[in-house]
Amino acid sequence: MDLFEYQGKQYFARYGIPVSPGGVAQTVDEALAVAERVGYPVMVKAQVQVGGRGKAGGVKFAPDAAAAREHATNILGMDIKGHLVKRVWIEHASDIAKEYYASFTLDRGAKLHLGMLSAAGGVEIEQVAEENPEAIARIAIDPVDGLTEAACRAWVTEAHLDPEATEGAVDILMKLYRCYVEGDCDLAEINPLILTPAGQVHALDAKVSLDNSAAFRHPEWDEFSATEELDEREQLAKSKHLQYVGLDGTVGVIANGAGLAMSTCDVVNQVGGQPANFLDIGGGASADVMAAALDVINSDDNVRAIFINIFGGITRGEEVANGIVQAMDRVSIKAPIVIRLDGTNAAEGRAILAPIESDRFISKPTMLEAARTAVELAGRS
Amino acid sequence: MSIFVDQRTKVVIQGLSPSSQGFFHGMRNKEYGTNVVAGTNPKRGGTEIEGVPVFATVKEAVEATGADAAFTSVPPRFAADAIIEAAEARVPFIVCISEGIPAQDEARTYNVLRREHPGVRLLGPNCPGIISPGKCNIGITAGEIALPPIPGQPAVGIVSRSGTLTYQALFELKQKGIGVSTCVGIGGDPVPGTNFIDCLEAFEADPDTRAVIMIGEIGGAEEEKAADFIKAKMTKPVVAYIAGVTAPPGKKMGHAGAIISGSKGTAQAKMEALSAAGVRVGLNPTEAGELMADVVKSLA
């Protein structure tokens, strides 16, 4: 789960990482109230989970109330690369002497934590990595040992931050590492991490991605999931505990297993169609789960045909087929369905499906044939 | 032969109670013919479930039965502790199918094993397990879709990041009458205990495995590393399939590890790396099965 900047800053604050005084606002009046509280000049920052908001006009400097009103009015409701701005973050504007970059994430290849620190902050780190890779100081951290202060200090030296920033940077990095580990982050990034002319180091932005698997030990995350940016279909799927990712095509996909669901999308694409979604219903295929999956697919107006791809393993073909037959009774389907049922007792399963077969419910024995039929149907209607 | 497990492998099931996942899957494995020698449950030490003696700890189970493999399907919040308990009891092979273990726990567990228990192999987490058809099945694979090696004919090894695609591969091979030496599901998490190269290396060394099917997916760079390994070290033919050509960047496709970060970890890049290493790459699971049938024909 990705956090908005304001949530990331609140999360940082839990671990003592210094951020600018500020607050979140959903209306112009709220924005002005926050600005009064933190003191002018302020920054008005669009809260969207997409890069490049500054260039899009979503981050503005306001020396006084009139400017703050104008910027908040313009930015609230703005569309930034398809993301609607529902909130702005207002914070006291900082004087900036230098901009750095700092982050922790998991290095999957090394199976260690990776810290990245650079004196060239304020721009996308991918850009720095490409154009000036030696400007990034990397540290590999064994999770068993954690980050020691000595190692952190050497890392800061290696990154060539300004000498007056050293103490502040070490302090923040130690706290950021704690936030990353104890806070169960997939990514904890500060860009820019700034040095003020007065010699203070603090976080001017916050990019935090939380590991959903750790939600059981973080009751405080509930408020974050309430604001999670999901489209309507994704919201519905989440409420039904289905693994769903919305795509742009016309063939609705339902499969059991993540790999098979991905593969099903690929095969649809291979035979000339476009998948409307990725949907994994998990190992079994009970009537409840199948009905829920069909509900989600039904809510997508782009869907012209549905491809159900089930491989029976432990769940046998006849159980799967019975689940599908029952689900068909419960939901009305807007688009024709093509089903491929294979695996354990597939023949028995197909026999159960036979009576409900029609030109709106077609059974095909292989993935490729089923994909071709679904794509053809999607193109026809 | 087979890799990692065979008919002599003695399995202890962690977290055995009449209603646990471990019971459901463990009993299925036992029915298949797997040598299930013990279960553990801190509250049920000294009892017996379906003829399987239950011990309070893995250590006691190992001392009493000589178990040399552990099967863990406990809920994700307890999984890291269960893995470490088995490792401390000196169980050399641990299969963990639990899905949804926090990444921090997984990274920590991996490094504890690497440093303190170098002889221990962890398979998973979030994997379907391992089956050496006709000999041993640890995990959730339906035994009946796997064909044991046929004497006098070349057998194939399977290694996969995805559960259902593993079954698909087993099934395709069975329908073509091709026997499987061992099928290893390494799992879809970001920090798998056993990776492609571990399995490819073992298959290369196993005299009865004549070719390997490798099933990868988007995310990470393990397929690319496997391609380097295949090019440098493998003499046996490899056929591959990679899922996720249509996956959008930045979205987790069901598995925690299946995510394209920026431009890294795409299916295209993985397929290109494998092709360049001499691997025959199928565009869908069926095509991969057909490619393997051709390979087996040429080996027979």
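Take each residue in B:254-260, count the other chain C-beta atoms within 10 Å of its C-beta, and the mean is 5. Against chain B, whose longest principal axis comes from its Cα atoms, helix B:267-276 is set at around 70 degrees. Our coupling estimate for region B:14-30, obtained by passing each phi through the Karplus curve with A = 6.51, B = -1.76, C = 1.60 and θ = phi - 60°, is 7, x, 9, 8, x, 10, 7, 4, x, 5, 4, 6, x, 5, 4, 4, 5 Hz, Gly and Pro reported as x.
Which FRET efficiency value, to the nearest 0.05, do you get for A:Q274 and B:Q175 by plugging their Cβ-Cβ distance into 1/(1 + (r/R0)^6) with R0 = 41 Å?
Numbers: r = 30 Å, r/R0 = 0.72.
Taking R0 as 41 Å, the efficiency between A:Q274 and B:Q175 is 0.85.
For trypsin sites (Lys or Arg not before Pro), the sites in region B:1-43 that DSSP calls loop and that have at most 14 other Cβ atoms within 10 Å are B:R8, B:K43.
What are the trypsin sites (Lys or Arg not before Pro) within region A:68-124 that DSSP puts in a loop, where the Cβ has at most 13 other Cβ atoms within 10 Å?
Numbers: sites: A:R69, A:K81, A:K86, A:R87, A:K98, A:R108, A:K111; in loops: A:K81, A:K86, A:R87, A:R108, A:K111.
When the trypsin sites (Lys or Arg not before Pro) of region A:68-124 are filtered for loop state and at most 13 Cβ neighbours within 10 Å, A:K81 remain.
Given chain A, what whole percent of its Cα pairs are spread farther than 27 Å? Distances greater than 27 Å cover 59 percent of the Cα pairs. Between the amide H of A:M78 and those of A:V85, distances stay under 5 Å, these residues lying 5 or more places away or on another chain, with hydrogens modeled in the peptide plane.
I'd like the distance between the alpha-carbon centres of region A:246-288 and region B:120-192, rounded to an integer number of Å. Computed from Cα coordinates, the inter-centre distance equals 23 Å. Rounded to the nearest 10 degrees, the angle from helix A:258-270 to the longest Cα principal axis of chain A is 80 degrees. Applying 1/(1 + (r/R0)^6) with R0 = 51 Å to the Cβ-Cβ distance of B:T235 and A:L114 gives a FRET efficiency near 0.90. Note on B:K297 and B:Q268: the model spin-label points, each 7 Å out from Cα along the C-beta direction, lie 3.2 nm apart. Strictly over 22 Å apart at the Cα level, which of B:K270/B:K297; B:K135/B:K297; A:K9/A:K60; B:K231/B:K251; A:K45/A:K175 would you flag in this model? From B:K270/B:K297; B:K135/B:K297; A:K9/A:K60; B:K231/B:K251; A:K45/A:K175, over 22 Å: B:K270/B:K297; B:K135/B:K297; B:K231/B:K251; A:K45/A:K175. Per residue, chain B reaches -11000 deg cm²/dmol at 222 nm when only DSSP H runs of four or more residues are counted, each adding -39500 (n - 2.57).
Only helices enter the 222 nm calculation for chain A: every DSSP H run of n ≥ 4 contributes -39,500 (n - 2.57), and dividing by all residues gives -11000 deg cm²/dmol, rounded to 500. Rg and Dmax over the alpha-carbon atoms of the protein assembly as shown stand at 26.8, 86 Å. Per residue, the average separation of C-alpha pairs within less than 8 Å and at least 6 apart gives region B:14-80 a relative contact order of 33 percent. Within the listed set B:P125, B:P154, B:P42, the Gaussian network model of chain B (springs between alpha-carbon atoms below 10 Å) gives the highest mean-square fluctuation for B:P42. The distance from the alpha carbon centre of region A:46-95 to that of region A:310-381 is 49 Å, rounded to a whole number.
Computing FRET efficiency as 1/(1 + (r/R0)^6) for A:D64 and A:F216, where r is the C-beta to C-beta distance and R0 is 45 Å, gives about 0.45.
In this label model, A:E36 and B:S19 are separated by 5.7 nm, measuring between points 7 Å along each Cα→Cβ vector.
Between B:D228 and A:Q49, the simple label model (points 7 Å from Cα in the Cβ direction) yields a spacing of 3.3 nm.
Between the helical axis of A:166-182 and the longest alpha-carbon principal axis of chain A there is an angle of about 20 degrees. About the centre of its Cα atoms, the protein assembly as shown shows a dipole size close to 1360 debye [charges on the beta carbon of Lys, Arg (+1) and Asp, Glu (-1) only; nearest 20 debye].
Using θ = phi - 60° in the Karplus curve 6.51 cos²θ - 1.76 cosθ + 1.60, the 3J(HN,Hα) couplings for region A:93-98 round to 5, 9, 7, 10, 9, 9 Hz; x is entered for Gly and Pro. Counting 0.36 nm for each residue step from B:M1 to B:E201 and taking away their Cα separation leaves a gain of 70.5 nm. With just the Cα atoms defining each centre, how far is region A:208-230 from region A:120-144? Give it in Å. About 27 Å separates the Cα centre of region A:208-230 from the one of region A:120-144. Relative contact order, whole percent, for region A:98-225 stands at 27, derived from Cα pairs under 8 Å and 6 or more residues apart.
For B:A155, the residues whose amide H sits under 5 Å from its own are B:R210, ignoring neighbours fewer than 5 places away on the same chain, with H placed 1.01 Å from N.
All of the numbers you see were taken from the coordinates with simple rules; none came from a lab. Every value quoted in this text rests on a predicted model; they were computed, and no experiment measured them. When we count neighbours, we look across all protein chains shown, and the Cβ atoms used for this are built from the backbone with ideal geometry, even at glycine.
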